[in-house]
Amino acid sequence: MTPDSRRLLPSDAPVTLIDATGEAVGAVPDDATLLRSLGALITARRLNDQAYALVRQGRLAVYPSSHGQEACQVAAAQVLDAADWLFPTYRDTVAAVVKGVDPVEALSLLKGDWHCGYDPYEHRVAPHATPLATQLPHAVGVAHAARLRGEPTVVMAMCGDGGTSEGDFHEALNFAAVFQAPVVFFVQNNEYAISVPLSRQSAAPSLAHKGIGYGIPGERVDGNDMAALLTVLGAAVQRARAGEGPQLVEAHTYRMQAHTNADDASRYRDEADVEAWVQRDPITRLRAYLRDRGALTDDVDAGFTADAERAAAHLRDGLNQDIEPNPEDLFAYVYASATPQLREQAALVADELSREGAR
Amino acid sequence: MIDVHEKLSMAQALNRALRDAMADDPSVVLFGEDVGALGGVFRITDGLTAEFGEARCFDTPLAESGIVGMAVGMAMNGMRPIVEMQFDAFAYPAFEQIVSHVAKMRNRTRGRVSLPMVIRVPYAGGIGGVEHHCDSSEAYYAHTPGLHVVAPATPADAYALLREAIAAPDPVVFLEPKKLYWSKEEIEFPVRAPGIGTAVVRRAGTDATLIAYGPSVPVALEAAEVAASEGRSLQVVDLRSIVPFDDETVCAAVRSTGRAVVVAESAGFAGVAAEIAARVTERCFTSLAAPIRRVAGFDIPYPPPKLEHFQLPGVDRVLDAVDDLQWEQ
Ligand SMILES: Cc1ncc(C[n+]2csc(CCOP(=O)(O)OP(=O)(O)O)c2C)c(N)n1
Ligand SMILES: [Mg+2]
């Protein structure tokens, strides 16, 4: 192997800068940066748990929570500029929110009012992708177009460990490499794809190793270490922005809850495995580090909690509102202008409704 | 053999069919996403890995094209693979394999290579599923020569048709109506049911014929019940299989009433309902008192849960269409 190609391989172990006890073990970002991230983390956790509760209350159809993966969610958005793009999956609602999307709008999909509840151009967040890995070639396209148009845009393209098995993942990496598109492929390896553990998903030494086959550098990072994520993803973004091409980043994290509330994780994994990951919680860790340094005061911490409560209240209020579904929406957005057939079908629904009203 | 009666849901009937087929034929193997320990997201494969072992029922990496492609190879080499697509809209990455290889293998090899495989697809709407969880994809498959396309509407049929699909020499796309997974029925084992390619009359009637398949059959039956209370006698035909299509049963039924409405959930334009209306018209024109009507889904992407009820053909829409069949005053 040439030294050049060896550079494409990830580190021997995931990059960690603050260990699970809150101890710095590498060059850590400054306190102000980390405090900002901690605030976002605390809100992220609160939103996850609020959304989960709203499912039980019947306000959301389903919620794939990123509980435990919040450091990945926050970092993915915080390393981006406002003009950069984020391509989230169904599990990345929180990342979309950190990028600026209103959480109520972000959850429209899972509430069932409409598919994509936000304007993707407003905060440069693509619609949540559910068909796995299918969004990744789009991310490459957005990045390539940005290059052709001379824009400094970088694209953060997210997927899960399971998603790396889909053909579109591989096609996207290859295209990005060939076109040197400014994309960061960010894989949250939470060890499960619904019930299927990573060991049944891939025989590669790590998911980050998948980069080298396409000529893309791969790196792996402790997915519960905010400092490491900001550093590794931040460097990948800078690299892409500087015209040095795409990168693949694998974060080692864990899906603390079932796949969604509709899933029963006891059928395929041990509760004890989950317990072990509680010790590695991203919030506890960052809080311990900042407290030890005296950078986090009780007041500031209380402020973060209050912010999180406000965000949760906003989410509750928004989702507790029943929006009367408008059947005209069914026909309004299929084409730039509705076909004659769609206009007929819309009229049929309107007629049914007026007859119902008359009854 | 003694007859045994058991009340089973469609999900349980499908599970039973898989279990019985695997017990009867060691070449039957089952694989897909989450079909092992989890038993599938709809629990259709529940307990099969425990009973038959990892070699017979196993989880694969998450890649539908890989799943169907591997099934092709396994079928080429003496096995009878059954694959599960997790949801209808998640089968699309396998579309290339299905259209270019599964459907064409027998023909391109002049019959030398056949693919006895089943692609099971949880199918269609009515469950309040979020985006990409409620597609009706039957027209894509039915339009592809070389595939059999089957859609049961009852637990007994689910059992019988799946057993037959597994034993069939050709590939079968087996569409399982999600909203009927939990519907229950007393099933008599061994199940005696007509084969793939045979439609059945589910309800006798003399005034008009409702033609339905899969998730639309209960809607048609309910409409017939309501119509009966209003003095109109509607016959209901359950297609059971879309390909092969049972022209004989369907046309005999339509000729007996002279009027017909096709009920289907999927978008109406260029859909299976359109094919049915066209072919029945060609064959029964002189017996028809009115053009055949279709009650189908609108020509729109499947709507979000809160708007779903507008999309699904319901009893009222079916009865409105029946009212339109040019009745003499
Ligand atoms: C093409 C496709 N196939 C199957 C599914 C069904 N499905 C939804 S999530 C999921 C598991 C994904 O696992 P992973 O990529 O690890 O992401 P995670 O859910 O763990 O965040 C599956 C199989 C899908 N959404 N899309
Ligand atoms: Mg995962």
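Rounded to the nearest 100 Å², what's the accessible area chains B and A bury against each other, both chains counted, probe 1.4 Å? Walk me through the numbers before you get to the answer.
Numbers: alone 14010 and 16620 Å², together 27350 Å².
Using a 1.4 Å probe on protein heavy atoms, the buried area is about 3300 Å².
Take each peptide in A:46-57, A:166-177, count the other Cβ atoms within 10 Å of every residue, and average; sorted highest first, the result is A:166-177, A:46-57.
For segment B:8-189, DSSP calls about 10 percent of its internal beta bridges antiparallel.
What is the average number of partner chain Cβ atoms found within 10 Å of a Cβ in A:53-61?
Neighbouring Cβ atoms belonging to other protein chains average 1 per residue here.
Normalised by 2.2 N^0.38 Å, with N the number of residues, the alpha-carbon radius of gyration of chain B equals 0.98. A simple charge model with +1 on the Cβ of Lys and Arg, -1 on the Cβ of Asp and Glu and nothing else charged puts the dipole of chain B at about 760 debye relative to its Cα centre. Sort segment B:1-48 into rounded, prolate or oblate with this rule: let a ≥ b ≥ c be the square roots of the eigenvalues of the Cα gyration tensor; rounded if a/c is under 1.5, and if a/c is not under 1.5, prolate when a/b is larger than b/c, oblate otherwise. Taking the square roots of the gyration eigenvalues as a ≥ b ≥ c, segment B:1-48 is oblate. Ranked by the mean number of other Cβ atoms within 10 Å of their residues, highest first, the peptides A:130-136, B:42-48 come out as A:130-136, B:42-48.
The residue among A:346, A:175, A:1 whose Cα reaches farthest toward the positive pole of the charge dipole of chain A, with charges on the beta-carbon of Lys, Arg, Asp and Glu, is A:1. In the context of the full protein assembly, residue A:206 retains an accessible surface of approximately 10 Å², using a probe radius of 1.4 Å and ignoring ligands and nucleic acids. Round to a whole number: what % of the accessible area of the protein assembly as shown belongs to carbon and sulfur, probe 1.4 Å? Answer for the protein assembly as shown: carbon and sulfur cover 52 percent of the accessible area.
How many angstrom separate the Cα center of segment A:95-115 from the Cα center of segment A:252-315? Using only Cα atoms, the two centres lie 21 Å from each other. Farthest towards the positive end of the charge dipole of the protein assembly as shown, among the residues A:79, B:111, A:48, is the Cα of B:111, using unit charges on the Cβ of Lys, Arg, Asp and Glu.
Projecting label points 7 angstrom from Cα along Cα→Cβ for residue B:230 and residue B:324 puts them 1.4 nm apart.
Here the peptides A:98-104, B:209-215 are ranked by packing, the mean other Cβ count within 10 Å, and the order with the highest first is B:209-215, A:98-104. Take every pair of alpha-carbon atoms less than 8 Å apart whose residues are at least six positions apart; their mean separation over the length of chain B yields a relative contact order of 16 percent.
Provide the per residue accessible area, probe 1.4 Å, for the protein assembly as shown, rounded to a whole number of square angstrom.
Details: 27350 Å² over 688 residues.
In whole numbers, the protein assembly as shown has 40 Å² accessible per residue.
Just to be sure I understand the curve: with the Debye formula and one point per C-alpha of segment B:95-223, what is log10 I(q)/I(0) at q = 0.13, 0.19 Å⁻¹? Evaluating at q = 0.13, 0.19 Å⁻¹ gives log10 I(q)/I(0) of -0.61, -1.15. As a ratio to 2.2 N^0.38 Å, the alpha-carbon radius of gyration for segment A:3-323 is 0.94. A straight line joining the Cα centroids of segment A:1-63 and segment A:148-212 runs 17 Å. The distance from the alpha carbon centre of segment B:204-278 to that of segment B:13-76 is 34 Å, rounded to a whole number. Interface residues of segment B:127-166, defined as those losing at least 50 Å² of solvent-accessible heavy-atom surface relative to the isolated chain (probe radius 1.4 Å), are listed as B:130, B:131. For segment B:237-329, the Cα gyration tensor yields ellipsoid semi-axes of 24, 17, 10 Å (square root of five times each eigenvalue, largest first, whole Å).
Using a/c under 1.5 as the rounded threshold, could you call segment B:1-160 rounded, prolate or oblate? The axes a ≥ b ≥ c are square roots of the C-alpha gyration tensor eigenvalues, and prolate needs a/b larger than b/c, oblate otherwise.
rounded
If both residues of a DSSP beta bridge must be in segment B:200-323, then about 20% of such bridges are antiparallel.
Volume per residue for the protein assembly as shown equals 181 cubic angstrom (convex hull of Cα atoms).
The values are calculated or read from the model by the stated rules, or taken from the named source; none is laboratory data. All figures in this text were calculated on a predicted structure; none of them were measured in a lab. Ideal geometry is used to build each Cβ from the backbone, glycine not excepted, and the neighbour counts take in all protein chains shown. Just so you know, the surface numbers come from the protein's heavy atoms only, side chains and all, with ligands and any DNA or RNA stripped out. Shrake-Rupley method; radii C 1.70, N 1.55, O 1.52, S 1.80 Å.
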